[in-house]
C-alpha cells in the first residue's frame, strides 16, 4: 500500500481554487471560442479552431490531474499536531550546517512544495532526515553533492 499523500489545508485550497478557475472560467471561454471558430467554415485551416481544441485538451488534462490529486491527498492540519517538540508534517524547521549557515524549511506535501520559498516536499531527502527530529538533534542528509550534517535549531508549527 502506498504511503498517504499529506497536504496542508492551504495547499488543498490552492488545488481546489485552480480546479474551479479552470472549470468555471477558462474551459467555458475555450468552448465558446471553439464553437465560434467551428461556425466559420473549413476547420482544417482554421487557426482559432485548431488552437482552441489543443488548448481545451490541455485544460481537460490539467482538470483530470487536479481531480485525481484532490481525491488522493489527505488534508493534515499542522496546527493540530499533538507533539510539537519534534519535526513532523507541516513543521517549520530551522537547521544549521557545519559552517553555521542557517536555513529554514517547512515540511509540506508534494503538491505544494516550492524550494525557492522554503517549502520542501515531505518525501524529499532533507525532509525524510528531519522527520521526528527534536531541537539539538544532528541529522545526516545524503544530497547529490554528498553527505551533510545539519543541526535542528528551532521547530515551529
Open item on the list: Being loosely packed, with under 12 Cβ neighbours inside 10 Å and in the same structural domain as residue 127 (by TED's automatic domain parsing): is that true of residue 101 here?
Closed with: yes
TODO: Mind checking which strands (runs of 3 or more DSSP E) fall wholly inside the range 97-147 and carry at least 2 residues that are touching a residue at least 24 places away in the same chain (Cβ under 8 Å)?
DONE: 102-108
Open item on the list: Exactly one condition in (1) assigned by TED's automatic domain parsing to the domain that holds residue 128; (2) surrounded by 13 or more Cβ atoms within 10 Å (Cβ to Cβ); (3) within 26 Å of residue 134 (Cβ to Cβ) is false for residue 82; which is it?
Closed with: (2)
Open item on the list: Quick test of your reading of the structure: residue 13 fulfils all but one of (1) surrounded by 11 or more Cβ atoms within 10 Å (Cβ to Cβ); (2) over 17 Å from the mean Cα position of the chain (by Cα). Name the failing condition by number.
Closed with: (2)
Task: Filtered residue count, the range 1-40, keeping only those that are assigned to a helix (DSSP H, G or I) and either assigned by TED's automatic domain parsing to the domain that holds residue 107 or touching a strand residue (DSSP E or B) at 6+ places or on another chain (Cβ under 8 Å) (or both) - done: 4
Task: Residue satisfying condition, being over 24 Å from residue 124 (Cβ atoms) and part of a helix (DSSP H, G or I), within set 68, 61, 43 - done: 61
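The values are calculated or read from the model by the stated rules, or taken from the named source; none is laboratory data. Just so it is clear, the model here is predicted, and its values are computed rather than measured. Quick reminder, even Gly has a Cβ in these numbers, built from the backbone with ideal geometry, and neighbours come from all protein chains shown.
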